[in-house]
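Worksheet for the structure shown next.
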Amino acid sequence: MGRAYQNRKLSMAKTAGQKTKVYSKYGKEIYVCAKNGGLDPDSNISLRRLIEKAKKDQVPAHVIDKAIDKAKGGGGEDYSEARYEGFGPGNCMVIIDCLTDNGNRTIKDVRLCFTKTNAKIGSSGTVSHMFDHQAVFAFKGDDDEAVLENLMMADIDVTDVELEDGIITVQAPHTEFYKIKTTFADTMPEYELEVEEITWVPQTYTEITSEDDIANFEKFMAMLEDCDDVQNVYHNAELPDQE
C-alpha cells in the first residue's frame, strides 16, 4: 500500500494559489480545534497533531499562530463539522469532511460536485462503514519485519505493516497514533516519517478504467478542492496512472 497510498493522497499545494487554500483550510481547522479543545497543544492532543501536520505541510508559523490567537479571543466564526458520503465517478466510494459556518451553502456546493460529474451523494453511513479510521505512517526502508517486531515489543495494536517499492507503510487503530510516534522516536530514530496522519482507509478499492469516468473523477476532485468548506476528501478509487 506504500507507494499507492502516497499517490492517492490529495495533492493540494502545487501552485501559490493552491498553497493559499491549504493555509486557509489549516487555519480554519486549527482555530476550531483550539476553540473547542483548548489553546495548549500539550493538553489538547488533537491540536498538537494538527500543528505538527501543518508544519510538515510547510504551513507558515504565522498562519498557525494567527488561528490560535483568534481562538483565544473567544469570538469569531461559529464553525461546525459536516460529513458527506456517496459514490463518485466510476462508482468509487467517497467521504468528504467539511467545516462550515453555513450548512445550507456547504451541502449545495458539495451536492453540485456530485451532480456535475455523474456521481451520487448519499445519506450518513452510506459508505463510511467500508472505511477504517486508521493511523498511517509511511517512510523509506527495507526491513518491514524489524519495524513490526519493534512495534509489537511496544505492545502496539498493529493492523498492517507493508513494504512496497522501498516504502514501508504502517497502519494501526487511530488511538495508537502517539504511541507509534513515541516508539519510532525512541527505538527507530533512523526512519524519517514521510507520512504520519490519522485518516480513513478503504477496506476495498474500485478501479476506474473508462476515459469518461477518469475525466469525471479528476473534475470531481478539482471541484471539491475549490470548495472553501471542504477540509478532507477520502476515496477508494484506483486510476490507471496510479498503479
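When K35 is tested against (1) closer than 30 Å to L239 by Cβ; (2) out of contact with any strand residue (DSSP E or B) (no Cβ under 8 Å at 6 or more places or on another chain); (3) of a type outside the set (V, I, T), only condition (1) is not met.
With respect to the conditions (1) in contact with a helix residue (DSSP H, G or I) (Cβ under 8 Å, 6 or more places away or on another chain); (2) exposed (fewer than 14 other Cβ atoms within 10 Å of the Cβ); (3) small (G, A, S), A222 lacks only one, and its number is (1). Screening H129 on (1) in a helix (DSSP H, G or I); (2) within 16 Å of D226 (Cα to Cα) shows it passes everything except condition (2).
Among the residues of region 186-196, those that are open to solvent by 20 Å² or more (accessible area, probe 1.4 Å) and farther than 21 Å from Q58 by Cα comprise D186, T187, P189, E190. Taking the listed residues V136, V110, the one that is under 28 Å from E218 (Cα atoms), of a type in the set (A, V, I, L, M), outside any helix (DSSP H, G or I) and in contact with a strand residue (DSSP E or B) (Cβ under 6 Å, 6 or more places away or on another chain) is V136, with no other qualifying.
Yes/no per residue for (1) among the β-branched types (V, I, T); (2) surrounded by 20 or more Cβ atoms within 10 Å (Cβ to Cβ):
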| residue | (1), (2) |
| --- | --- |
| C92 | no, yes |
| N102 | no, no |
| V136 | yes, yes |
| V158 | yes, no |
| K179 | no, no |
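With respect to K140, is the statement that it is open to solvent by 50 Å² or more (accessible area, probe 1.4 Å), in contact with an Asp or Glu (Cβ under 8 Å, 6 or more places away or on another chain) and more than 29 Å from P89 (Cβ to Cβ) true? So K140 fits the description; yes. Take D155 and tell me if it is among the charged types (D, E, K, R) and either within 26 Å of L47 (Cβ to Cβ) or in a helix (DSSP H, G or I) (or both). Criteria not met by D155. Scan region 32-57 for residues that are in contact with a Gly (Cβ under 7 Å, 6 or more places away or on another chain) and in a helix (DSSP H, G or I) and the total you get is 2.
Can you pull out every residue in region 158-184 that is within 19 Å of the chain's Cα centre (by Cα), in a helix (DSSP H, G or I) and among the β-branched types (V, I, T)? Correct list: T175, I180.
The values are calculated or read from the model by the stated rules, or taken from the named source; none is laboratory data. This is a predicted model, so every value here is computed, not measured. When we count neighbours, we look across all protein chains shown, and the Cβ atoms used for this are built from the backbone with ideal geometry, even at glycine. Accessible surface areas use protein heavy atoms only, side chains included; no ligands, DNA or RNA. Shrake-Rupley method; radii C 1.70, N 1.55, O 1.52, S 1.80 Å.
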